[in-house]
1. Given charges of +1 on the Cβ of Lys and Arg and -1 on the Cβ of Asp and Glu, with all other atoms neutral, how large is the dipole of the stretch 49-122 about its Cα centre, in debye to the nearest 20?
2. For the stretch 87-211, what proportion of DSSP beta bridges, expressed in % and rounded to the nearest 5, is antiparallel?
3. Please identify the GluC sites (Glu not before Pro) of the stretch 106-186 that satisfy two criteria: DSSP loop assignment and at most 10 other Cβ atoms within 10 Å. Which are they?
4. Any cysteines in the chain with zero other Cys Cβ atoms under 4.7 Å from their Cβ? List them, or say none.
5. How high is the relative contact order of the stretch 1-109? Use alpha-carbon pairs under 8 Å, at least six apart in sequence, and give a whole percent.
6. When the accessible area of the stretch 1-140 is split by element with a 1.4 Å probe, what percent falls to carbon and sulfur?
7. Only bridges with both residues in the chain count here: give the DSSP antiparallel percent, nearest 5.
8. Give a residue-ordered list of calculated ³J(HN,Hα) values for the stretch 12-19 (Karplus: 6.51 cos²θ - 1.76 cosθ + 1.60, θ = phi - 60°; whole Hz; x for Gly, Pro).
Amino acid sequence: MNIMLFGAPGAGKGTQAKYIIEKYGIPQISTGDMLRAAVNAGTPMGLEAKACMESGKLVSDDIIVGIIKDRLSMEDCKKGFILDGFPRTLAQAEALEKLMIEMNISLDKVISLNVPDELIVGRVVGRRVCKSCGGSFHVEFNPPKKEGICDFCGQPLVQRKDDNADTVAKRLAEYHAQTAPLFDFYKEKGVMEEIDGTKNIKEITEDIFKILG
Ligand code: AMP
């Protein structure tokens, strides 16, 4: 099963991806996580992406399409995958189409987590993430069992550098300008499913499982 989680920053894509992994055993492919790993490792790609990420801008399509190509060709993607944070531009969506044709696979479902803008800033600023396993929590709405510690792997939680009010406003503007138009792109393909992303985490997971079957 090849699926994509679609939605604004802070809509809950990373949070829900963890539950989909648990149930369906397919890997999460988060371009944001891969870029952060490259930044931390100080690779040339990481150095190029760093400034864009910190200012809330999108990283170039060439870099992103390159890392997706490499990742989708790995063995663990053969049984399916969850795209999280990719594609984010029409050029990326078109590159993905082309790649999937070459690989003889298709996107089964795009799940849009719909959350109004006015809830996004509070969600993102209160987010705490695990650098080790990518687990995502919220100080108020989804606190870990032990403060500051990841429920999934026991490692410390941190606040992402770009999870501040100023950068979120920029990321949201990028989302509306570049990514939101992909909604119609996938709707026309007949794979788009919409979910109310303002419900609680468990209800949203149940809604996703109903769609995925
Ligand atoms: P995320 O973890 O998905 O919120 O992504 C964090 C940041 O990484 C974004 O604000 C962008 O700067 C960059 N990024 C992640 N995925 C993409 C993508 N598909 N296209 C362009 N930039 C991306």
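1. Dipole of the stretch 49-122, to the nearest 20 debye: 120 debye.
2. On the way: 7 of 12 bridges.
Roughly 60 percent of the beta bridges in the stretch 87-211 run antiparallel, per DSSP.
3. On the way: sites: 118, 140, 147, 174; in loops: 140, 147.
Those that pass, being in a loop and sparsely packed, are 140, 147.
4. Lone cysteines by the Cβ rule: 52, 77.
5. On the way: 109 pairs, mean separation 48.5, N = 109.
Relative contact order for the stretch 1-109 comes out at 44 percent.
6. Values: 3420 of 6250 Å².
That fraction is 55 percent.
7. Working: 7 of 23 bridges.
Taking every DSSP beta bridge with both residues in the chain, the antiparallel ones total about 30 percent.
8. These are the phi-based 3J(HN,Hα) values: x, 4, x, 4, 6, 4, 4, 6 Hz.
The values are calculated or read from the model by the stated rules, or taken from the named source; none is laboratory data. This is a predicted model, so every value here is computed, not measured. Heads up, the Cβs are rebuilt from the backbone with ideal geometry, glycines too, and the neighbour counts pull from every protein chain shown. Note: areas computed on protein heavy atoms with side chains; ligands, DNA, RNA excluded. Shrake-Rupley method; radii C 1.70, N 1.55, O 1.52, S 1.80 Å.
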